[in-house]
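The values are calculated or read from the model by the stated rules, or taken from the named source; none is laboratory data. The shown structure was predicted, so the numbers you read here are calculated from the model rather than taken from an experiment. Please note: Cβ atoms are built from the backbone with ideal geometry, for glycine as well, and neighbour counts cover all protein chains shown.
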Amino acid sequence: MARKPIIAGNWKMNNTAEEGAALVKALKPLIADAKCEVVVCVPAIDIPAVKKAIHGSKIKLGAQNVHFAEKGAYTGEISASMLLAYGVKYVIIGHSERRQYFGETDESVNKRTLAALKAGLTPIVCIGESLEERESGLTEKVLDRQLREGFKDVEDFSKLVIAYEPIWAIGTGRTATAEQANETIAYIRRRVKRLFPHKNAGRMRIQYGGSMNAKNAKELMAQPEIDGGLIGGASLKPDDFAAIVHFDR
């Protein structure tokens, strides 16, 4: 079965509810004939407004984080059931910014991923190496650790998305070459099949999350192992995001 491409926008900490609704209203006609899956992962406070704004479109709603507990004394956190109540389908887990600034670990990523899967959400789980790790030849070692610890006890890899985000290429204007990105994603796919046999790894989708934009999307998406993109800054501009969604034109 062919893997359906998925382009997901990560708005990060941008857009008020009103601004977010206006953005997706502008985006809807631009991607009405999209052949890939289109997701916008928005700040939690924007979810109700964006849910209303995307009604009747191909755009699916995503969040940027989820807690592993169903409820409890976790001030500031949001549970999977809370997200589901507002029609959220996807959730980003383990983004490098969450790991760097908010103490996310492979263990907490694993717990959040399992909770999301149990609830019926589709996790977009981020992995990737820093510039120092890449230049030290540690890319494969880092990815192996993140895969072993972050995906422990996952039973069906077709129900999640992996986003390979080389940290050195996020918000820096630097991008891995299409060949580099394809090679690393191919490695991730091989390792998942090896580490987690008989878990539907062949149907797993892997995005590239390192500064994909309107100019390089076509070249990146032409690579056989790249199934989509996790888009940061370009997802805040309807024309640019639509150009990435239509990478096949």
How many residues are closer than 15 Å to Phe241 by Cβ and free of Cβ contacts under 8 Å to residues at least 24 places away in the same chain if we restrict to segment 34-71? 0
Scan segment 202-233 residue by residue and report those that are assigned to a helix (DSSP H, G or I) and surrounded by fewer than 20 Cβ atoms within 10 Å (Cβ to Cβ). Gly202, Arg203, Lys218, Glu219, Gly233
Picking from Val192, Val142, Val161, which residue would you name as being of a type in the set (Val, Ile, Thr) and under 18 Å from Val245 (Cα atoms)? Val161
Where a residue in segment 1-25 is closer than 27 Å to Lys218 by Cβ and touching a residue at least 60 places away in the same chain (Cβ under 8 Å) and its partner, wherever it lies, is aromatic (Phe, Trp, Tyr) and surrounded by 14 or more Cβ atoms within 10 Å (Cβ to Cβ), with Cβ under 8 Å and at least six apart: Pro5/Phe247; Ile7/Phe241; Ile7/Phe247; Ala8/Tyr90; Gly9/Phe241
With the condition being touching a strand residue (DSSP E or B) at 6+ places or on another chain (Cβ under 9 Å), I'd like the helices (runs of 4 or more DSSP H) fully within segment 104-192 carrying at least 2 qualifying residues. 106-119, 139-150
Looking for whichever is buried (at least 17 other Cβ atoms within 10 Å of the Cβ), within 30 Å of Val88 (Cβ to Cβ) and in contact (Cβ under 8 Å) with a residue 24 or more places away in the chain here; the options are Leu195, Leu121. Which one fits? Leu121
Per the filter on segment 160-183, residues at pLDDT 95 or above and either in contact with a Pro (Cβ under 6 Å, 6 or more places away or on another chain) or crowded, with 17+ Cβ neighbours inside 10 Å (or both) are Leu160, Val161, Ile162, Ala163, Tyr164, Asn182
